Amino acid sequence: MSRITTAMLCGALLLGVTSRAQAQVKVIPGDKETVTATVEAIEEASRTVVIRTKNGELRTVELGPNARLSQIKVGDTVNATYYENVIVRKKPAGEADVDTLEIAGHRGETKAGGTIGVQQAITATITAVDLNVPSISLKGPRNWTYSTKVQDKKALEQVKVGDKVDITWTQAVLVSVTPAK
C-alpha cells in the first residue's frame, strides 16, 4: 500500500540498442500493483482514513483537499491500482534539453474515487560508466543525480561519459470505493 500513497521514482536504468540510424530507446516496465482494503476509521479533521489490507495490516492514508470524504464510510472497500514505468532515450546531438512535470487528475463524478497521473521528463548527462560492475551515473537539472547497476552490459557499451539521455517517469493511481453491503 505504501507504493500507492507515496510516489516512487525508481527502476533499473537501461539503454536499449536499436539501429544506429534511430535514437536508442528503452522502456523499463515498472510495477503494477492492485491493493484491496477495508475502511476501518475516518478522521474528518485531519482528512485521514485508516484502512486494513487483506493481510491485516493497518495503514493511514491522508486524503487531498478535493477528496469526497463524506462519501466514504467505515466498512467500504477501497481498490487502488498503482502503475509506473520509465522510458530512457539516448538524445541526438543538438536536440534541446527537456525538464517537465505534468500532473493530471480526475475525480469520480458520482462516488468516491478517481485517478491521478504524474509524468516527469528530464535530460540527464552521463557522468560515469563502469563496464566492470556494470553501472552508470547521471546528472540532471536541479542537482539531480542517480547511479545504478545496469543489467544489459551490451547496451551500456553503446554510451559514454558526456552523452545525454531523456528520462521519462510515468506514475498513475486509480482508486475506487465500493460501499459496504
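Summed over qualifying helices (DSSP H, 4 residues or more, each -39500 (n - 2.57)) and divided by its residue number, the chain shows a 222 nm mean residue ellipticity of -500 deg cm²/dmol. If you take all other residues with their beta carbon under 15 Å from the beta carbon of Asp166, and give Lys and Arg +1 and Asp and Glu -1, the sum is +1. Less than 5 angstrom separates the built amide H of Gly108 from those of Gly113, Gly114, Thr115, all sequence-distant by 5 or more or on a different chain. Per-residue Cβ neighbour counts within 10 Å put Lys91, Lys154 in the sequence Lys154, Lys91, beginning with the fewest. In order along segment 28-34, the Karplus-derived 3J(HN,Hα) couplings, from 6.51 cos²θ - 1.76 cosθ + 1.60 at θ = phi - 60°, round to 10, x, x, 7, 10, 10, 10 Hz, and Gly and Pro are given as x.
Bridgeable lysines around Lys164 (alpha carbons under 30 Å apart, same-chain partners fewer than 8 residues away excluded): Lys26, Lys32, Lys90, Lys91, Lys139, Lys149, Lys153, Lys154. Could you name the aspartates and glutamates in cross-link range of Lys181, using Cα to Cα under 19 Å and dropping any fewer than eight places away on the same chain? Partners found: Glu40, Asp76. One entry in [x] 45, 35, 30; [y] 59, 32, 29; [z] 81, 44, 24 is Cα extents along the principal axes in Å calculated from the shown coordinates; its label is [y].
Just so you know, all these numbers are worked out from the coordinates, no wet-lab data involved. Fair warning: this is a prediction, and the values are worked out from it, not measured in the lab. Using ideal geometry, Cβ is built from the backbone for each residue, glycine included, and neighbour counts are taken over all protein chains shown.
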